[in-house]
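First up is the structure itself, then whatever we jot down about it.
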Amino acid sequence: MNFASMEYFEVLARERSFTRAAEHLHITQQSLSSHIAKLEKELGSQLIVRHVPLELTYAGEVFLSYASQMREQYTTMRQEFWDISQNDEGILRVGIAFTRGRTILPDIIMAFHEEFPHVRVQLVEATNEALRQKLADGDIDLAIAFFPTSLPGIRMRSFYQEEMVIVVLKELFCSIYGDETDDRIRRLKEGDYSALEGCPLIMGSIEDIGGSIEERLVRRAGISRPRIVAMSNNSETLLALALRGAGATLCSETLTRAALTQEQLDSLFIIRGGNVARYPISFGYQEKPYQWSVIESFMDIATRTMSSQQ
């Protein structure tokens, strides 16, 4: 038995499909099936029921638990010996949402690389919900995400406050409201979101923090039948649609300022969402008997880098 076979089994158990697991592992289905068959022969137990979707037997569930624990212990052991040898090397697996990573990580990774040139940062980009699960499963070392509640076995550290802003093309807004434009913008700045009544909207996914805030603002505004033009969980798509005049949207201020040119920014009304549109972004990492020092260093460098940009 080797670590590769255990990793293959973990991926197969997660994907519940030889086809998807083999694609994820970049091996053939025949090779994957051979590894699993050897494991079953060595353990003297059937680990999976081979139908679609495949199922784990009781023995398979037991083996999955041991395989996950052994992988986590092996990773922790390697990290501790990297610290003991003071090599400052290894792989740091950082999970972050797609657009948030594009916005804040380039400067952070460059600053981190200057201090730790031999540590490779492996980025895992996914939704906040998926990142929280990957962190709990031990698939990443550190998550940068919105954590709505505390999670068992996960330690959190505050990073920064993110704020959503209302973004709408000036030309569109003026064409809809005419002489009322200035008054509507004033009302929006004062937190009266009913000023968006009659404006087409581009909504984020309700499963995402931005989409849930947008839905809450529309409900608070008393807009009973909002005119929703499009929905997307990709903030850059929302911004692109807003720039084309499709409607008003809600987007992270950090991303909006970083993604658009000054000319594009000048073509938009950008109104801060206020307290109701602010939420904390935190670092999350597993509580372990031994914590790799590089994780703490990455968080310190990221915090310093963000502070210097604000």
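The values are calculated or read from the model by the stated rules, or taken from the named source; none is laboratory data. These figures come from a predicted structure and were not determined experimentally. Heads up, the Cβs are rebuilt from the backbone with ideal geometry, glycines too, and the neighbour counts pull from every protein chain shown. Ligands, DNA and RNA are stripped out before the accessible areas are found, and what is left, the full protein with its side chains, is counted by its heavy atoms. Shrake-Rupley method; radii C 1.70, N 1.55, O 1.52, S 1.80 Å.
Here are some notes:
- Members of the stretch 229-252 found to be surrounded by fewer than 22 Cβ atoms within 10 Å (Cβ to Cβ) and at pLDDT below 90, listed by number: MET231, SER232, ASN233, ASN234, GLU236
- Condition met for GLU42 (over 30 Å from ILE209 (Cβ atoms), open to solvent by 40 Å² or more (accessible area, probe 1.4 Å) and free of Cβ contacts under 8 Å to residues at least 40 places away in the same chain): no
- Qualifying residue in the stretch 15-32 (condition: open to solvent by 90 Å² or more (accessible area, probe 1.4 Å) and on the phi > 0 side of the Ramachandran plot): yes
- Qualifying residue in the stretch 156-177 (condition: among the polar types (S, T, N, Q), assigned to a helix (DSSP H, G or I) and exposed (fewer than 14 other Cβ atoms within 10 Å of the Cβ)): yes
- For the stretch 261-305, the set of residues classified as closer than 25 Å to ASP208 by Cβ, assigned to a helix (DSSP H, G or I), open to solvent by 10 Å² or more (accessible area, probe 1.4 Å) and not hydroxyl-bearing (Ser, Thr, Tyr) consists of GLN264, LEU265, ASN275, VAL276, listed by residue number.
- Number of residues in the stretch 178-196 that are surrounded by 17 or more Cβ atoms within 10 Å (Cβ to Cβ) and either out of contact with any helix residue (DSSP H, G or I) (no Cβ under 6 Å at 6 or more places or on another chain) or among the β-branched types (Val, Ile, Thr) (or both) equals 3.
- Verdict on LEU142 being within 14 Å of the chain's Cα centre (by Cα), modelled with pLDDT under 95, more than 30 Å from GLY191 (Cα to Cα) and crowded, with 18+ Cβ neighbours inside 10 Å: no
- Test: residue in the stretch 204-220 that is more than 25 Å from the chain's Cα centre (by Cα) and either of a type in the set (S, T, N, Q) or farther than 26 Å from GLU129 by Cβ (or both): no
- Exclusive hit being touching a residue at least 12 places away in the same chain (Cβ under 8 Å), in contact with a Pro (Cβ under 9 Å, 6 or more places away or on another chain) and either under 26 Å from ARG14 (Cα atoms) or open to solvent by 60 Å² or more (accessible area, probe 1.4 Å) (or both), set ALA126, ALA136: ALA136
- Among residues of the stretch 58-78 that are of a type in the set (S, T, N, Q), those with a Cβ under 9 angstrom from a residue that is exposed (fewer than 15 other Cβ atoms within 10 Å of the Cβ), sequence gap 6+ or separate chain, pair up as SER68/ASP137; THR76/PRO289; THR76/TYR290.
- All told, ALA4 falls short of being open to solvent by less than 30 Å² (accessible area, probe 1.4 Å) and free of Cβ contacts under 8 Å to residues at least 40 places away in the same chain.
- Residues satisfying the stated conditions in the stretch 208-219, i.e. within 15 Å of GLU197 (Cα to Cα) and either at pLDDT below 80 or buried (at least 16 other Cβ atoms within 10 Å of the Cβ) (or both): GLU214, GLU215, LEU217, VAL218
- In this entry, VAL49 passes the filter for residues that are at negative phi, at pLDDT 85 or above and exposed (fewer than 13 other Cβ atoms within 10 Å of the Cβ).
- Checking SER224 against (1) farther than 22 Å from GLU129 by Cβ; (2) surrounded by 15 or more Cβ atoms within 10 Å (Cβ to Cβ); (3) small (Gly, Ala, Ser), the condition it does not meet: (2)
- Residues that are modelled with pLDDT under 85 and among the hydrophobic types (A, V, I, L, M, F, W, C) were ranked within the stretch 58-112; the one that is least open to solvent (accessible area, probe 1.4 Å) is TRP82.
- Members of the stretch 139-194 that are more than 16 Å from GLN286 (Cα to Cα) and of a type in the set (Gly, Ala, Ser): SER175, GLY178, GLY191, SER194
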